[in-house]
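What follows is one structure encoded as structure tokens, with my remarks underneath.
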Amino acid sequence: MPTWAVRAHAVFDWVWWMAYVNALWWVFAFAGGIVFGIVPASTAAAHLTRRRLRGEVFPVARTFAAAWRRDLRKSNVALGAGFLVTGMLAVGVAGQFAAGALGSVLGVTTVVALAAAFLITAVAVPLYVHYELPLGAYLFTASRWAVRNILHVVLVLLGAVAIAGVGSILPGVVPFLTVGGWLTLSTVLCISFFTANDRAVADRAAAASPSS
């Protein structure tokens, strides 16, 4: 096949993946009554995207459901606080915007806090599916990682801005692609960052070992 056809097929394949993950996320978020369904739906999406990056083939809907059930309690314990704080800050920013006070000190502070909470939570979700840590360590570890990897955090933030921009230009895609697109993009970016970091740590350890 011509190179352009292969690339076009890959692009449309990922677009289809985002739409599929988006639909599954909404189904299982509602299955958990939203409050308890959002977090495991997000980790399930990240888990499946990670497996797809590895080239694994699996039944998507059934695997998503199994991951959601498995992590229903565990993911909420590990990441629920991050999602809750992010949601509360988002409500606060919306209130400040409606009141026309977004430019005030309180409004700016709330926006900054929302951005920080959103980014930490965005990093924590792929971290959760990529590493085995104590349940109380994921948000703290994500915070430390974000502080130490500013460039990577900026790339994640730019990804969020890009998706929000597409949603504002083409509002019709919001119900069908936005959540799936964001979870796919943030997982791909963060897993790439984590993998590169693990490789660098292993190389440094090998270089420092006495046998080398």
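A few notes on this one:
- Out of 73, 144, sole residue that is under 28 Å from residue 17 (Cβ atoms), in a helix (DSSP H, G or I) and among the charged types (D, E, K, R): 73
- Of all the criteria given as (1) under 13 Å from the mean Cα position of the chain (by Cα); (2) among the hydrophobic types (A, V, I, L, M, F, W, C); (3) farther than 12 Å from residue 86 by Cβ, the one not satisfied by residue 117 is (3).
- So residue 30, is it aromatic (Phe, Trp, Tyr), under 25 Å from residue 138 (Cβ atoms) and touching a residue at least 12 places away in the same chain (Cβ under 8 Å): no
- Going through (1) at pLDDT below 95; (2) assigned to a helix (DSSP H, G or I); (3) crowded, with 16+ Cβ neighbours inside 10 Å; (4) among the aliphatic types (A, V, I, L, M) one by one, residue 46 falls short only on (1).
- Conditions (1) free of Cβ contacts under 8 Å to residues at least 24 places away in the same chain; (2) open to solvent by less than 60 Å² (accessible area, probe 1.4 Å); (3) not in a loop (DSSP other than H, G, I, E, B): number failed by residue 101: (3)
- Residue in segment 4-26 that is under 15 Å from the mean Cα position of the chain (by Cα), more than 20 Å from residue 174 (Cβ to Cβ) and open to solvent by less than 50 Å² (accessible area, probe 1.4 Å) present: no
- Condition check for residue 133 on (1) under 21 Å from residue 149 (Cβ atoms); (2) in a helix (DSSP H, G or I); (3) open to solvent by 40 Å² or more (accessible area, probe 1.4 Å); (4) among the hydrophobic types (A, V, I, L, M, F, W, C): one failure, at (2).
- Any hit, segment 168-190, residues being touching a Cys at 6+ places or on another chain (Cβ under 8 Å) and either within 17 Å of residue 86 (Cβ to Cβ) or among the charged types (D, E, K, R) (or both): no
- Of all residues in segment 159-181, those that are without any contact (Cβ under 8 Å) to a residue 60 or more places away in the chain and either surrounded by 13 or more Cβ atoms within 10 Å (Cβ to Cβ) or within 16 Å of residue 42 (Cβ to Cβ) (or both) total 9.
- Whether a residue is modelled with pLDDT under 95, under 13 Å from the mean Cα position of the chain (by Cα) and not charged (D, E, K, R) was assessed, and residue 174 does not pass this test.
- Among the candidates 106, 84, the residue that is assigned to a helix (DSSP H, G or I), open to solvent by 70 Å² or more (accessible area, probe 1.4 Å) and modelled with pLDDT under 95 is uniquely 106.
- Residue satisfying all of: in segment 136-152; touching a residue at least 12 places away in the same chain (Cβ under 8 Å) and more than 23 Å from residue 25 (Cβ to Cβ); most open to solvent (accessible area, probe 1.4 Å) among these: 136
- Candidates 50, 54, 62, 7: the one that is under 13 Å from residue 185 (Cα atoms) and basic (Lys, Arg) is 50.
The values are calculated or read from the model by the stated rules, or taken from the named source; none is laboratory data. What you are looking at is a predicted structure, and each value in this text was computed from that prediction instead of being measured. Neighbour counts run over all protein chains shown; Cβ positions are idealised from the backbone, glycine included. Side chains are part of the model used for accessible areas, which takes the heavy atoms of the whole protein and leaves out ligands, DNA and RNA. Shrake-Rupley method; radii C 1.70, N 1.55, O 1.52, S 1.80 Å.
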